[in-house]
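Visitor: Structure below; questions to follow.
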C-alpha cells in the first residue's frame, strides 16, 4: 500500500508512542467503515505501518491526528478495493465454470466406475478430504486449483479469466498443490493433480 506523504514542519519529530497510542482510534474508524472486525484490524495495522514509515518526514503543517485519520481512511479504501477485485475474480471464475462437470463435485467419469466397494469408499473419502482442503485454501489458490485441476481448464484460459499471467497461475497452482499435500498428509499419495 502506498502511503501519502505526511505534512511537513520544522518542529521536532513527534514520538512514535503517539502514533502507537492512536491504534484504538484507527481501529474504531476502520470498524465503522468496514463493519468487519478482521478487516478493520488489518486496515488499522496498515495505517499504523504507513504512519511509522512516514514519521521522519512529518513536518506538522497539519495536526498529527488529521494525518493519521487520512491514513486510516486510505487503508480502509485500499482494503475495500482488494475485496472488490477478489470478489470479481471469484464471480468471473464461478460464471465460467458453471455447468462444467468435475470430479470434485462427483460428476466426472473418474468416479463413475470403480471395481470394488472398498475402492469406491477410498475414492469417496479422498474426494471429500480434497474438497475440504481446497475450501480451506486461501481464495487465490483455491480458485486456481478449481479451474486448472478440477475443471481441467488450460493455463492461458485461467490466466485470462483471473487477470494473471500464465507464470502467475503456474506459481499459484504449485503453491496450492504443496498446501494440499500438507493438508492431506498420508492421503496425498492417492491424489495426483
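Visitor: Sort out which residues of region 141-156 are loosely packed, with under 15 Cβ neighbours inside 10 Å and in a helix (DSSP H, G or I), and write them in order of number.
Guide: Of everything in region 141-156, just one residue is loosely packed, with under 15 Cβ neighbours inside 10 Å and in a helix (DSSP H, G or I), namely 156.
Visitor: Sticking with this one: Could you list all residues from region 165-193 that are part of a loop (DSSP other than H, G, I, E, B), modelled with pLDDT under 90 and in contact with a helix residue (DSSP H, G or I) (Cβ under 9 Å, 6 or more places away or on another chain)?
Guide: The answer is 191, 193.
Visitor: Further, regarding this structure: Within region 10-78, considering only helices (runs of 4 or more DSSP H) that don't extend past its boundaries, which have at least 2 residues that are at pLDDT 90 or above?
Guide: Hits in region 10-78: 23-34, 37-54.
The values are calculated or read from the model by the stated rules, or taken from the named source; none is laboratory data. None of the values given here were measured: they were computed from a predicted structure. Every residue, glycine among them, receives a Cβ derived from its backbone with ideal geometry; neighbour counts consider all protein chains shown.
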